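The values are calculated or read from the model by the stated rules, or taken from the named source; none is laboratory data. Fair warning: this is a prediction, and the values are worked out from it, not measured in the lab. With ideal geometry, Cβ positions are generated from the backbone for all residues, glycine too; neighbour counts draw on all protein chains shown.
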Amino acid sequence: MWQRVACRKTQRSSWFGTRTAIDFLETSDGGYQRVQTLELSADDEIDLEGLTRHGDGNTFFALGSHSSRRTNVNNRPRGHTRNLERFEDDSPDTGSRSDRLIRLELAADGTIAEVPVDIDGLRQALETDSVMTHFVGIPSKENGVDLEGIASDGTDLYLGCRGPVLGSV
């Protein structure tokens, strides 16, 4: 099933991120035509959350959620005692494929010019941050890290967080 989870539109084209790939579409006869698909993971969801252009050139970044999840999400017993046992026995899966920050270089026609590069270090930066370190290993549905967006001012990249929620207004 094709589900758009992130997108980036330019003057004549659009990039749509799905759960496992990025599709490049061009405008054609009032609609869109798929020109290229970049498979990022053939067998596992990478949970792509954002796409952004970096600067005035043809560099784009794609961001995964960097979230953890419980390994046994279908086992949801009711009651305080059973839930406590589940939390003690079912440790979070921190080896997720969603830990991806990908740099894409595009050709003048908007197609991918080079092999996409996985940028290492974002997970480590989250783990060593004085605030975020407390939330990295917690599943996103339990107030752990959950990145939902990425933006660029041409020099720096900015991340949008859905979690953790640090307080309420």
Output the residue which, of all residues in segment 104-118 that are of a type in the set (A, V, I, L, M, F, W, C) and not in a loop (DSSP other than H, G, I, E, B), is surrounded by the most Cβ atoms within 10 Å (Cβ to Cβ). Leu104
Quick one: what pairs do we get from segment 56-78, first residue more than 24 Å from Leu157 (Cβ to Cβ), second modelled with pLDDT under 60 and assigned to a strand (DSSP E or B), C-beta under 9 Å, 6+ apart or different chains? Arg69/Pro92; Arg69/Asp93; Arg70/Pro92; Arg70/Asp93; Thr71/Pro92; Thr71/Asp93
Close pairs (6 angstrom Cβ cut-off, 6 or more residues apart or separate chains): more than 22 Å from Val115 (Cα to Cα) and surrounded by 18 or more Cβ atoms within 10 Å (Cβ to Cβ) in segment 16-38, hydrophobic (A, V, I, L, M, F, W, C) and modelled with pLDDT of 80 or more anywhere: none
Selection over segment 132-169 where residues are part of a helix (DSSP H, G or I) and under 13 Å from Glu49 (Cβ atoms) yields a count of 1
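How many residues does segment 42-58 contain that are touching a strand residue (DSSP E or B) at 6+ places or on another chain (Cβ under 8 Å), at pLDDT below 80 and of a type outside the set (A, V, I, L, M, F, W, C)? Break it down stepwise before answering.
Keep residues of segment 42-58 that are touching a strand residue (DSSP E or B) at 6+ places or on another chain (Cβ under 8 Å), which gives 46-55, 58.
In the following step, the residues that additionally are at pLDDT below 80 were identified as 46-48.
Now drop any that are not of a type outside the set (A, V, I, L, M, F, W, C), which leaves 47.
Of the residues in segment 42-58, 1 are touching a strand residue (DSSP E or B) at 6+ places or on another chain (Cβ under 8 Å), at pLDDT below 80 and of a type outside the set (A, V, I, L, M, F, W, C).
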Hey, could you check segment 113-137 for residues that are of a type in the set (A, V, I, L, M) and within 19 Å of the chain's Cα centre (by Cα) and say which is nearest to Tyr32 (Cα to Cα)? Val115
Consider Ser152 carefully, then state whether it is of a type in the set (S, T, N, Q), modelled with pLDDT of 85 or more and surrounded by 13 or more Cβ atoms within 10 Å (Cβ to Cβ). yes
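Quick one: count up the residues across segment 119-131 that are under 17 Å from Gly50 (Cβ atoms) and either modelled with pLDDT of 90 or more or outside any loop (DSSP other than H, G, I, E, B) (or both). Steps first, answer last, please.
To start, the set of residues in segment 119-131 that are under 17 Å from Gly50 (Cβ atoms) comprises 119, 122-123, 125-126.
Of the ones still in play, those that are also either modelled with pLDDT of 90 or more or outside any loop (DSSP other than H, G, I, E, B) (or both) are 122-123, 125-126.
Number satisfying all stated conditions: 4.
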Looking at segment 59-103, which of the residues that are hydroxyl-bearing (Ser, Thr, Tyr), in contact with a strand residue (DSSP E or B) (Cβ under 6 Å, 6 or more places away or on another chain) and assigned to a loop (DSSP other than H, G, I, E, B) is modelled with the lowest pLDDT? Thr94
